[in-house]
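Note sheet for the following structure.
Bear in mind these aren't lab numbers, they're just calculated from the coordinates by the rules spelled out. Just so it is clear, the structure is predicted and the values come from calculations on it, not from any experiment. So basically every Cβ, Gly included, is an ideal-geometry build from the backbone, and we count neighbours across all protein chains shown.
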Amino acid sequence: MRAERQFLIFDADDTLWENNIYFEAAFEQFCDYLAHSSLNPAEVRNVLDEIEIVNTQLHGYGSRNFARNLSECYRRLSERDISDADLHTVMDFAHAILERPMELIDGVAETLRELAERHSLTLFTKGDAEEQRLKIDRSGLAPYFEHHAIVKEKNEQAYRKLADERGLNPVSTWMIGNSPKSDILPALSAGLGAVFVPHARTWVLEKTTLPDRHPRLTTVQSITHLRKLF
């Protein structure tokens, strides 16, 4: 796309490493434990989505907050008397996510290594700050980034603030991520370019419709394609 030096901002979860698959696995454990007599997993998921839409605005993201959401969902749907042991079990499904091994998406390390040689890379992620820092450290990818930032929400204001603080020229700045809601649309609204890297297991609450055509939006099917793009 451009030979000159660019400012590339990368999302983390489900762009650089697997994340949502672990939340999905915890949800499957939750459904098995709940063993609802009439609601199927999709219907249970709808209830949990309603809870998460509200609670993410209050408490944010991450496995600890997911544990709170599962607990609330269990209280709402359980068909038997609820004990403290039940709630601890349900919350442990989410807490166990922190113990999962880091699984980089194919081609990420090689792509970042090459891009860091000719462009300025920033890691921009949302969620629990302590949890996200731990994942960054465990990923082994930190050396490729000149800067990283963790915010509660990635909206237009957050992108404008990041660009202002870093002195980024919007014309040569690109947000790269898998989430239409948090990575692509707010970056475009802030005047940045965006590269959409679809992930088959993107969290449903991060999905929304992208414009069919936009002069600063590009879609690639693999992160490795960024090596040619930039």
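Express in whole angstrom the spacing between the alpha-carbon centres of region 18-68 and region 140-176.
29
What do you get when you divide the Cα radius of gyration of region 1-48 by 2.2 N^0.38 Å, with N the number of residues?
1.95
By the gyration tensor of its Cα atoms, with a ≥ b ≥ c the square roots of the eigenvalues, what is the shape of region 56-139: rounded for a/c under 1.5, prolate for a/b over b/c, or oblate? Can you show the working numbers first?
On the way: a/c = 3.83, a/b = 2.69, b/c = 1.42.
Prolate, since a/c reaches 1.5 and a/b exceeds b/c.
Two decimals is fine: what is log10 I(q)/I(0) at q = 0.17, 0.33 Å⁻¹ for region 62-101, from a Debye sum with one equal scatterer on every Cα and no solvent?
-0.41, -1.10
Return the FRET efficiency for the residue pair His225, Ser189: r is the Cβ-Cβ distance, R0 is 25 Å, and the value is rounded to the nearest 0.05. Don't jump to the answer; show the numbers that get you there.
Numbers: r = 24 Å, r/R0 = 0.97.
Step by step, r from the Cβ atoms, then E = 0.55.
Using Cα-Cα distances under 8 Å and only pairs 6 or more residues apart, what relative contact order does the chain have, in percent?
The value is 27 percent.
Helix 41-59 sits at what angle to the longest principal axis of the chain, using alpha carbons and giving 0 to 90 degrees rounded to 10?
Once rounded, one gets 60 degrees.
Can you give the net charge of the other residues whose Cβ lies under 14 Å from the Cβ of Tyr159, counting K and R as +1 and D and E as -1? Could the numbers behind the result be given before it?
Details: positive: Lys126, Lys152, Lys154, Arg160, Lys161, Arg166, Lys181, Arg216; negative: Asp11, Glu153, Glu156, Asp164, Glu165, Asp183.
Surrounding charge for Tyr159 is +2.
From the convex hull of the Cα coordinates of region 1-118, what is the mean projected area in square nanometres?
Its Cα hull, projected and averaged over all orientations, spans 9.7 nm².
Determine the shape class of region 124-230: with a ≥ b ≥ c the square roots of the Cα gyration tensor eigenvalues, call it rounded for a/c under 1.5, and otherwise prolate if a/b is greater than b/c, oblate otherwise.
rounded
I'd like the Karplus ³J(HN,Hα) series for region 22-36: coefficients 6.51, -1.76, 1.60, θ = phi - 60°, whole numbers in Hz, and an x wherever there's a Gly or Pro.
Those phi angles translate into 6, 5, 5, 5, 5, 5, 4, 4, 4, 4, 4, 6, 5, 6, 5 Hz.
Find the relative contact order for region 112-230 and round it to a whole percent, using C-alpha pairs within less than 8 Å whose residues are 6+ positions apart.
20
Nothing charged except the Cβ atoms of Lys and Arg (+1) and of Asp and Glu (-1): what's the magnitude of the dipole of the chain about its Cα centre? Round to the nearest 20 debye.
Dipole size: approximately 1040 debye.
Going 7 Å from the Cα of Ala116 in the Cα-to-Cβ direction, what parts of region 126-149 have a backbone nitrogen less than 11 Å from that spot?
Taking a point 7 Å out along Cα→Cβ of Ala116, the residues of region 126-149 whose backbone N falls under 11 Å are 140-147.
Could you work out [θ]222 nm for the chain from helices alone, using -39500 (n - 2.57) per DSSP H run of at least four and dividing by all its residues? Round to the nearest 500 deg cm²/dmol.
Value at 222 nm, helices only, nearest 500: -13500 deg cm²/dmol.
Viscosity 0.890 mPa s, temperature 25 °C: Stokes-Einstein D of region 93-140 from its Kirkwood Cα radius, in µm² per second?
The calculation lands on 195 µm²/s.
Calculate the dipole size of region 9-106 relative to its Cα centre from +1 charges on Lys and Arg beta carbons and -1 charges on Asp and Glu beta carbons; express the result in debye to the nearest 20.
I would put it at about 360 debye.
Of all alpha-carbon pairs in region 113-182, indicate the percentage at a distance above 21 angstrom.
Numbers: 637 of 2415 pairs.
Percent of Cα pairs beyond 21 Å in region 113-182: 26.
Modelled label-to-label distance, Asn40 and Lys161, 7 Å Cα→beta-carbon offset: nm?
About 4.3 nm separates the two model spin labels.
Place the peptides 120-128, 158-166, 80-88, 176-184 in order of packing, highest mean first, counting for every residue the other Cβ atoms within 10 Å and averaging per peptide.
Per-residue Cβ counts within 10 Å, averaged per peptide and sorted highest first, yield 176-184, 120-128, 158-166, 80-88.
Using a ≥ b ≥ c from the Cα gyration tensor of the chain (square roots of the eigenvalues), is it rounded, prolate or oblate, where a/c under 1.5 gives rounded and otherwise the larger of a/b and b/c decides, a/b for prolate? Mind showing how you got there, number by number?
Details: a/c = 2.27, a/b = 2.00, b/c = 1.13.
Prolate, because a/c is 1.5 or more and a/b exceeds b/c.
Using the Cα centre of region 24-65 as origin and beta-carbon charges of +1 (Lys, Arg) and -1 (Asp, Glu), tell me which of Leu58, Phe30, Leu48 is placed farthest towards the positive end of the dipole.
Leu58
Could you give the size of the charge dipole of region 54-141 about its Cα centre, using +1 on the Cβ of each K and R and -1 on the Cβ of each D and E, expressed in debye and rounded to the nearest 20? Don't jump to the answer; show the numbers that get you there.
Details: 12 positive and 16 negative charges, 56 e Å.
The dipole magnitude comes to about 280 debye.
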